[in-house]
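Written out below as structure tokens is the structure these notes cover.
Each reported figure results from applying straightforward, stated rules to the coordinates on display, with no laboratory input. As the structure is a prediction and not an experimental result, all values here were calculated from the model. All Cβ positions, even for glycine, are placed from backbone atoms using ideal geometry, and neighbour counts span all protein chains on display.
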């Protein structure tokens with residue numbers, strides 16, 4: 001069986017690329033297709049140093065740094081890949097990878113990180129954060145997003161089976177495409193995060209400092225609680241703005257190497273997470289260290305954290321707050337501290353084990369094998 005794996009673009013090693021890495025562990029013989037490939041020669045281990053088939057966008061001016069500027073050309077680009085020799089096509093898609101053209105004798109399974117976020121329900125947030133709510137640039141962006149929605153809806157028909165990365169994305173897939181999907185959570189490298197049972201007295205948040213991560217909200221909440229210490233790890237365009245408003249009880253460390261980040265995560269009293277994410281890997285990594293999570297209770301986080309209020313036989317692993325505002329977060333922090341004794345590091349880590357790389361590979365392979373078998377039986 002010849003297998004092709006389609007990835008949106010290869011420019012870094014982040015969450016989507018970690019999924020690609022594990023899919024390649026299952027199908028090491030697969031060929032890879034991507035709009036562009038700018039992974040450095042010394043960092044290609046996660047794709048097994050394979051040659052990647054790229055699109056014409058790879059050859060366009062400044063595509064290495066400005067590939068997103070060619071979004072309007074990407075539907076055309078992805079449709080030019082000739083996949084006619086493959087039996088199984090697996091797309092790993094948060095933008096355009098699922099739009100490849102396949103035939104009736106091929107099975108196309110899409111692992112969907114999300115329908116195109118900035119074309120669907122997050123369009124208005126994207127326009128605000130980009131500062132293009134008015135003027136000609138705004139109307140060009142809006143027209144592009146309209147075109148992408150139409151194309152994205154049409155290409156959903158070419159996917160035989162969808163796998164969503166969380167229940168939240170399952171709902172988004174249904175809303176955008178009216179297609180059912182099965183949920184298989186992304187793989188998390190649990191083994192790199194060791195359990196620490198004794199915790200220190202600081203709270204931790206770590207992220208790239210961009211608007212939707214809401215780090216400024218977390219800092220403002222701790223400004224109102226000067227007796228509590230917060231450590232902020234991460235860099236990004238909002239760093240100086242956030243540093244300027246941070247009180248004396250808040251330590252901003254910028255970017256840290258992986259081993260130092262883990263050390264802070266292992267010893268934190270709790271990890272604070274205020275973003276609405278499709279899945280959210282870092283709260284799982286925190287739980288792998290035995291560290292509870294205080295999080296905005298919307299999005300993929302509801303799959304991975306067991307809230308203190310849930311009626312479950314399982315031990316809680318965190319506290320949700322219902323609104324992205326200072327008052328709601330402060331109430332959750334106080335609720336956590338009043339109930340600290342019920343959070344057990346060993347039980348918290350046990351919850352994180354449900355999202356390991358091995359479990360992902362077992363579930364993914366089992367699902368694909370079943371669908372390929374059913375597809376062949378139906379021919």
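List residues of segment 191-220, by number, whose backbone nitrogen lies under 20 Å from a label position 7 Å along Cα→C-beta of residue 245.
Hits in segment 191-220 for residue 245 at 20 Å: 203-220.
Counting other C-beta atoms within 10 Å, which of 139, 151 has the fewest, and how do the rest follow?
Going from least to most buried by this count: 139, 151.
Which value, in Å³ per residue, describes the convex hull spanned by the Cα atoms of segment 190-355?
101 Å³
Which order do 100, 284, 210, 182 fall in if you start with the one that has the fewest other Cβ atoms within 10 Å?
Ordered from fewest to most neighbouring Cβ atoms within 10 Å, 100, 284, 210, 182 come out as 182, 210, 100, 284.
Computed FRET efficiency, Cβ-Cβ of residue 12 and residue 260, R0 25 Å: what is it to the nearest 0.05?
Given R0 = 25 Å and the Cβ-Cβ separation, E is 0.75.
Could you work out [θ]222 nm for the chain from helices alone, using -39500 (n - 2.57) per DSSP H run of at least four and dividing by all its residues? Round to the nearest 500 deg cm²/dmol.
Calculated at 222 nm, the ellipticity per residue is -11000 deg cm²/dmol.
Taking 7 Å along the Cα-to-C-beta vector as the label spot, tell me the residue 49-residue 235 distance in nanometres, rounded to one decimal.
My value for the distance between the label points is 2.9 nm.
For segment 161-221, just the Cα atoms, rotate onto the principal axes and tell me the three extents in Å, largest first.
47, 32, 16
What is the spin-label model distance, in nm, from residue 150 to residue 101 if the labels are put 7 Å beyond Cα along the C-beta direction?
1.8 nm
What's the exposure ranking of 192, 55, 356, going from fewest to most Cβ atoms within 10 Å?
By the 10 Å Cβ count, ascending: 192, 356, 55.
Label-point separation (nm) for residue 178 and residue 344, each offset 7 Å from Cα along Cα-to-Cβ?
4.9 nm
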